[in-house]
1. When you look at GLU620, is it open to solvent by 10 Å² or more (accessible area, probe 1.4 Å) and assigned to a loop (DSSP other than H, G, I, E, B), yes or no?
2. Say whether the condition of being assigned to a loop (DSSP other than H, G, I, E, B), open to solvent by less than 30 Å² (accessible area, probe 1.4 Å) and either at pLDDT 90 or above or not polar (S, T, N, Q) (or both) is met by at least one residue in segment 318-329.
3. Does GLN437 satisfy the criteria of being polar (S, T, N, Q) and either buried (at least 17 other Cβ atoms within 10 Å of the Cβ) or not in a helix (DSSP H, G or I) (or both)?
4. Could you check, for segment 251-265, whether at least one of its residues is part of a helix (DSSP H, G or I), in contact (Cβ under 8 Å) with a residue 60 or more places away in the chain and of a type in the set (A, V, I, L, M)?
5. Identify, please: which residue in segment 476-487 is assigned to a helix (DSSP H, G or I) and charged (D, E, K, R) and is, among those, most open to solvent (accessible area, probe 1.4 Å)?
6. If you take the residues of segment 266-283 that are under 20 Å from the mean Cα position of the chain (by Cα) and free of Cβ contacts under 8 Å to residues at least 60 places away in the same chain, which of them is most open to solvent (accessible area, probe 1.4 Å)?
7. Mind checking which residues of segment 89-109 are more than 15 Å from THR167 (Cα to Cα), in a loop (DSSP other than H, G, I, E, B) and touching a helix residue (DSSP H, G or I) at 6+ places or on another chain (Cβ under 8 Å)?
Amino acid sequence: VVDTGMPLTYRDIKNCTFEFSDVTRELSRSPKYTFETKYGTVWYRSLFYAIRNREYIVHICSDITERRTTYERLSKEALFFQETKEGVVITDENGNIQSVNASFCEITGYTMNESIGENCRFLSSGVHSEDFYRNMWESLSHFGFWQGEIWNKRKNGEVYPQRLSITRSCDPDSGEINFLGLFSDISAIKETDKKLQFYANHDPLTGLYNRTQFEEILGFTISSAARRNTKFALISLDIDHFKEVNDTYGHHIGDKLLKIVASKFHALLREDDIIARIGGDEFNIILDGIDDEADAIVISQRLLESVKQPIVIDGNTCFITLSIGIAFYPIHGDNAIELIKNADSAMYEVKKNNRDSFIVYHQEFTQELMKKVSLLYDLKNTLENDGLTIHFQPFYDASSETICGAEVLVRWFHPQKGFISPEEFIPIAEQHGMIMQLGRKIVRDAFEKLPGILAHTDTDFKLAINISAREFFDEDFPGDLLKMMDAYSVRAENIELEITETYAMQNHEEAIIKLTKLKAHNISLAIDDFGTGYSSLSYLKMFPIDKLKIDKSFIRNFTEDTSDRLIVSSIINIARIFNLKVQAEGVETLEHANLLKEMSCDIFQGYYYSRPMDFEALIELLSARRMQTPLT
């Protein structure tokens with residue numbers, strides 16, 4: 001208190017005390033001030049009083065640090081309560097709702113007015129048992145806390161999962177008990193977990209069981225069958241020509257084909273049957289409760305029929321068949337490993353025998369499979385050590401019977417196993433990704449030998465080289481071929497490339513582009529095995545080709561078989577329409593040659609004229625000028 005009339009000493013101030021009743025009147029007040037000091041927050045104002053007929057200034061200040069801190073804390077708590085993304089609900093000890101936040105309303109669909117005053121039971125979904133809630137309240141009573149997953153119900157009736165934690169609190173002064181619940185909607189998490197669980201056990205492309213889950217189910221099926229003393233069938237299934245679909249149309253078409261085929265399989269099977277995609281184009285099927293081989297055979301026949309018709313995908317026509325192997329528990333194996341191995345052996349036996357069929361397992365199939373595995377490793381070593389050689393089978397002009405070219409054929413002479421047919425090892429090379437390496441080797445070896453061959457012939461000699469689907473549709477193939485031709489000084493007029501009818505027709509658009517690029521460099525082009533695939537005249541006329549090669553399967557018996565003779569005659573007539581040369585493979589008798597001459601076939605190739613031979617034998621043949629001497 002300061003006397004405005006005179007300065008006061010500390011002693012004056014210390015002894016200056018007033019009673020409120022001493023105040024004569026209040027003259028005025030200053031504004032309130034709040035400011036920070038190094039000791040805390042201070043509230044301050046000045047008041048002017050008339051006391052005992054004298055004027056005084058009364059300075060009032062107060063330390064409000066604690067009060068301000070409490071206010072700020074409560075403000076932050078209130079802000080958190082409203083802004084947190086978790087739902088918050090406060091209830092009394094009976095579960096009656098006293099307060100909720102905005103997230104509570106957003107998650108449950110109830111407004112604050114609809115929620116406050118209601119008991120929490122109105123959110124119950126009815127999913128949980130009484131024991132569930134009893135355990136929850138026992139935990140709150142003993143520990144003051146409960147946390148877990150709970151299914152509750154929204155206002156629209158939707159049942160959804162929550163992650164909920166409840167804390168029990170008791171006011172020390174009043175003894176009032178409250179419960180604070182914090183929860184979040186975990187529907188998205190549950191859905192993600194569900195998808196992860198699904199993809200852990202299923203193939204993401206087809207939705208069928210994957211290999212891991214299938215093997216687990218197979219184990220359960222074996223255990224169950226052993227207890228019940230029953231049988232069941234295991235089918236191992238592979239899609240024939242699927243690799244050609246991928247090579248010609250691309251993997252996106254192959255994926256769509258797999259989904260379509262899987263859907264067809266699923267529609268044919270019984271509800272209790274199990275089907276899985278094991279990998280690539282391989283499927284396994286468990287036919288539980290099958291006691292008779294005939295039942296498994298009937299289902300296998302239905303599976304074969306399901307893909308008989310061409311499958312059109314994005315304008316591309318796919319032709320596929322199936323190879324099916326069947327094994328029975330416990331006859332062909334009493335454990336999963338043995339049963340799968342034997343079903344696979346039967347399936348591979350089908351693939352070896354023209355495919356598009358089924359076989360029930362026999363012991364000999366396992367031996368054949370082991371032979372193929374051994375052959376695979378031998379082939380890898382042989383390719384790495386350049387152990388394959390090339391032979392040549394000459395072909396002859398039909399009118400003059402002189403050699404006009406030779407087909408390049410790969411040969412494998414195994415140091416222990418002897419001669420191994422290309423029909424054995426080329427499919428293995430295709431299946432295990434070695435065909436590109438093998439194809440490049442054949443081309444290089446042929447180009448190396450060509451100058452020596454041309455030195456012994458005066459004719460327009462052509463070296464015919466088979467090109468696999470994987471090579472032909474490789475984007476680098478035309479460029480790589482031209483580079484090798486330059487490296488070995490090979491002229492285009494001495495080269496003839498052969499591609500099979502099947503993959504040329506299946507992927508006709510890309511085939512036309514590839515063939516046109518090669519034709520632009522004057523390379524001769526031939527369609528091999530014509531008549532065995534799905535011929536189309538509309539596509540054939542667009543191919544820039546020079547020759548059709550009639551497959552030997554039509555020549556073998558065509559002197560006796562009217563149908564084969566008609567097919568050969570038709571192919572020759574088709575070639576004439578499109579101004580193409582015709583070459584017949586498999587000419588093995590004089591009768592074959594004479595009949596083909598009557599049909600005006602242009603070129604002959606077969607054992608009657610020449611068997612495949614090595615380079616030295618070909619040079620000897622050319623040197624003797626047999627190509628200029630008509631054969632009798």
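1. Details: open to solvent by 10 Å² or more (accessible area, probe 1.4 Å): yes; assigned to a loop (DSSP other than H, G, I, E, B): no.
Answer is no for this residue.
2. Yes, there is a match, as at least one residue in segment 318-329 is assigned to a loop (DSSP other than H, G, I, E, B), open to solvent by less than 30 Å² (accessible area, probe 1.4 Å) and either at pLDDT 90 or above or not polar (S, T, N, Q) (or both).
3. On the way: polar (S, T, N, Q): yes; either buried (at least 17 other Cβ atoms within 10 Å of the Cβ) or not in a helix (DSSP H, G or I) (or both): no.
So GLN437 fails the test.
4. Start the filter on segment 251-265 by keeping residues that are part of a helix (DSSP H, G or I), which leaves 251-265.
Now drop any that are not in contact (Cβ under 8 Å) with a residue 60 or more places away in the chain, which leaves 253, 257.
Checking the rest, the ones that are also of a type in the set (A, V, I, L, M) come to 253, 257.
Looking through segment 251-265, at least one residue is part of a helix (DSSP H, G or I), in contact (Cβ under 8 Å) with a residue 60 or more places away in the chain and of a type in the set (A, V, I, L, M).
5. Residues of segment 476-487 that are assigned to a helix (DSSP H, G or I), as a first pass: 477-487.
Narrowing the set further to residues that are charged (D, E, K, R) leaves 480, 483, 486.
Working: ASP480: 50, LYS483: 140, ASP486: 122 Å².
Per the stated criteria, the residue is LYS483.
6. HIS266
7. Selection gives ASN101 alone.
Residue by residue, here is whether (1) without any contact (Cβ under 8 Å) to a residue 12 or more places away in the chain; (2) under 34 Å from the mean Cα position of the chain (by Cα) holds:
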| residue | (1), (2) |
| --- | --- |
| LYS155 | no, no |
| GLY175 | yes, no |
| LEU180 | no, no |
| PHE183 | no, no |
| ILE186 | no, yes |
| LYS190 | no, yes |
| GLN197 | yes, yes |
| HIS202 | yes, yes |
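The values are calculated or read from the model by the stated rules, or taken from the named source; none is laboratory data. Computed from a prediction, not measured in an experiment: that's the story for all the values here. All Cβ positions, glycine included, derive from the backbone under ideal geometry; neighbour counts span all protein chains shown. Accessible surface areas use protein heavy atoms only, side chains included; no ligands, DNA or RNA. Shrake-Rupley method; radii C 1.70, N 1.55, O 1.52, S 1.80 Å.
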